[in-house]
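Written below as structure tokens is the structure these notes are about.
The values are calculated or read from the model by the stated rules, or taken from the named source; none is laboratory data. Because the structure is predicted, anything quoted here is derived from the model rather than measured. So basically every Cβ, Gly included, is an ideal-geometry build from the backbone, and we count neighbours across all protein chains shown.
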């Protein structure tokens with residue numbers, strides 16, 4: 001009985017410690033806890049998606065590029081990125097009021113605990129930076145990538161997030177970006193394009209077929225991304241409310257329409273519907289609906305998803321005929337998809353559904369102009385800042401792997417391990433300069 005009393009006392013103490021702060025809503029908090037976990041899951045999902053699209057000798061390196069973002073961008077966000085994005089500040093950058101998490105506790109931020117808002121927004125920073133890696137897989141040295149990844153999260157992602165969501169000038173102008181068409185996808189897509197141009201093509205690009213080593217892995221990644229995207233968009237309402245429900249439904253409908261149109265385009269062009277095309281279509285539809293998710297009707301989401309298939313599909317085909325080695329088509333998928341979605345938000349937004357603003361089709365043509373301005377600003381800043389960061393990193397460490405490293409594969413040369421082995425290993429990894437193995441005592445050489 002004495003132990004039972006102690007347990008009751010501990011339980012009572014624990015329950016009092018978990019009491020919600022004034023202004024915090026329990027239902028909203030529960031939804032955002034789930035949403036934060038699911039959006040974080042999207043980064044490993046991206047690792048599967050990208051990992052299946054590369055050759056087997058680069059599978060681990062490609063996946064590590066996404067997993068590394070969890071650490072390097074996640075810690076950078078907590079210590080500095082969050083305050084640059086969401087600290088009270090000017091039109092262009094947040095203040096340092098939350099530097100090293102100062103003032104971030106259990107108090108209300110909207111209707112959820114401030115620390116939960118920090119975590120949810122951090123998952124966006126992580127996956128945005130990881131998206132860029134798809135443009136430089138199979139050739140960027142891992143130490144250089146880590147440096148670039150960390151700096152990009154702080155100096156490119158955080159300022160753009162502030163401009164749109166943190167009280168900056170684009171949000172003040174009325175730019176609509178429900179869950180990151182501009183902040184996430186245009187930003188990452190343009191950065192990927194610049195990075196691909198800066199590094200140049202892989203040594204085998206244009207000389208031999210570079211084929212995905214595991215399409216099922218890519219399909220698994222696409223499925224998990226779609227699953228997580230319900231919280232990516234629905235969670236961006238920051239509450240369990242009607243806006244979240246609208247975004248949730250639109251996240252189901254738009255990619256379905258994109259997948260349908262993409263499949264028909266494949267059948268009309270080649271007579272075959274490819275699995276890689278299906279996975280790509282799903283992501284393009286998700287990207288396109290992201291800025292519009294909480295601003296358009298479900299019928300408009302279907303239209304948006306169907307229209308979004310065309311520009312990304314044909315830009316992807318065009319890119320394949322050039323010397324541009326945007327390896328996994330980050331620009332065609334995320335850049336073009338994000339631009340399409342952001343502009344169509346300015347056309348299809350409907351105040352009767354969102355309570356904020358109408359678009360061109362509903363009597364507010366100025367909204368399309370605002371959307372176009374936000375798109376242009378994001379493109380210009382992301383391109384310039386990404387280029388300068390790559391040049392900065394290159395001053396300290398080479399960006400691109402050598403031809404021999406590419407030939408062996410970045411799994412072995414950058415990580416000293418392999419994704420797939422036969423017997424004891426396809427390649428024996430030894431450190432250079434190791435002394436020869438000692439001869440057995442009393443034996444013969």
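Let me spell it out: the conditions are (1) buried (at least 18 other Cβ atoms within 10 Å of the Cβ); (2) in contact (Cβ under 8 Å) with a residue 40 or more places away in the chain, and residue 360 meets all of them except one. Which number is the exception?
(2)
Out of the residues in region 195-216 meeting the condition of being surrounded by fewer than 21 Cβ atoms within 10 Å (Cβ to Cβ) and touching a helix residue (DSSP H, G or I) at 6+ places or on another chain (Cβ under 6 Å), tell me which one is nearest to residue 164 (Cα to Cα).
198
Are any of the residues in region 333-347 buried (at least 19 other Cβ atoms within 10 Å of the Cβ), more than 30 Å from residue 199 (Cβ to Cβ) and free of Cβ contacts under 8 Å to residues at least 24 places away in the same chain?
yes
Residue check: is residue 188 buried (at least 22 other Cβ atoms within 10 Å of the Cβ) and either touching a strand residue (DSSP E or B) at 6+ places or on another chain (Cβ under 9 Å) or assigned to a helix (DSSP H, G or I) (or both)?
So residue 188 fits the description; yes.
Among helices (runs of 4 or more DSSP H) lying entirely in region 63-179, which contain 1 or more residues that are at negative phi and surrounded by fewer than 23 Cβ atoms within 10 Å (Cβ to Cβ)?
The qualifying helices (runs of 4 or more DSSP H) are 114-132, 142-152, 158-165, 169-173.
For the condition modelled with pLDDT of 95 or more and either out of contact with any helix residue (DSSP H, G or I) (no Cβ under 8 Å at 6 or more places or on another chain) or within 30 Å of residue 156 (Cβ to Cβ) (or both), what is the one hit in 443, 402, 423?
402
Quick check on this structure: which one of 376, 372 is at pLDDT 95 or above, closer than 29 Å to residue 247 by Cβ, assigned to a helix (DSSP H, G or I) and out of contact with any helix residue (DSSP H, G or I) (no Cβ under 9 Å at 6 or more places or on another chain)?
376
State all residues of region 49-61 that are surrounded by fewer than 22 Cβ atoms within 10 Å (Cβ to Cβ) and in a helix (DSSP H, G or I); if no residue qualifies, say none.
Across region 49-61, the qualifying residue is only 56.
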